[in-house]
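Trainee: Quick one: this structure, given as structure tokens, is what I'll be asking you about.
The values are calculated or read from the model by the stated rules, or taken from the named source; none is laboratory data. From a predicted model like this one, the values you see are computed outputs, not experimental measurements. Don't worry about glycine lacking a Cβ; one is built from the backbone with ideal geometry, like all the others, and counts go over all protein chains shown.
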Amino acid sequence: MCPPRTKPVSGAGARAQPMALLNKATLTPSKRELRDAWLPTRPWATGEAADLRPVVAYRFDDPAGEVGLEGFLLGGVDGSVLLAGVRA
């Protein structure tokens, strides 16, 4: 397990609070398998999901740890860019 990242703090005696825990896990099905099965069902998605390549991924977690949003920018072979978001 990776050490938690901390959010900036200010003020005398302030302590940093963990932002997120990064766990090493094997997901079945994988995020890519889920994405490749889901994208063709979207009316706005064009082309083949397998032709998309990850450009960048990010995750936002709420401070209470109740919900998060994970996003993926995917690049197509034709130069197009697709943003796919997942609530977790």
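Trainee: Condition first: closer than 13 Å to Val86 by Cβ, among the aliphatic types (A, V, I, L, M) and within 13 Å of the chain's Cα centre (by Cα). Now tell me which residues in the stretch 35-72 satisfy that.
Mentor: Listed by number, the residues that qualify are Ala57, Val67, Leu69.
Trainee: When only residues in the stretch 35-88 that are surrounded by 10 or more Cβ atoms within 10 Å (Cβ to Cβ), of a type in the set (Ser, Thr, Tyr) and farther than 26 Å from Asn23 by Cα count, which is modelled with the highest pLDDT?
Mentor: Restricting to residues being surrounded by 10 or more Cβ atoms within 10 Å (Cβ to Cβ), of a type in the set (Ser, Thr, Tyr) and farther than 26 Å from Asn23 by Cα, the top hit is Ser80.
Trainee: Which condition breaks for Thr6 when tested against (1) exposed (fewer than 11 other Cβ atoms within 10 Å of the Cβ); (2) at pLDDT below 70?
Mentor: Of everything listed in (1) exposed (fewer than 11 other Cβ atoms within 10 Å of the Cβ); (2) at pLDDT below 70, Thr6 misses just condition (1).
Trainee: Could you list, in sequence order, the residues of the stretch 37-88 that are among the polar types (S, T, N, Q) and part of a loop (DSSP other than H, G, I, E, B)?
Mentor: Thr46, Ser80
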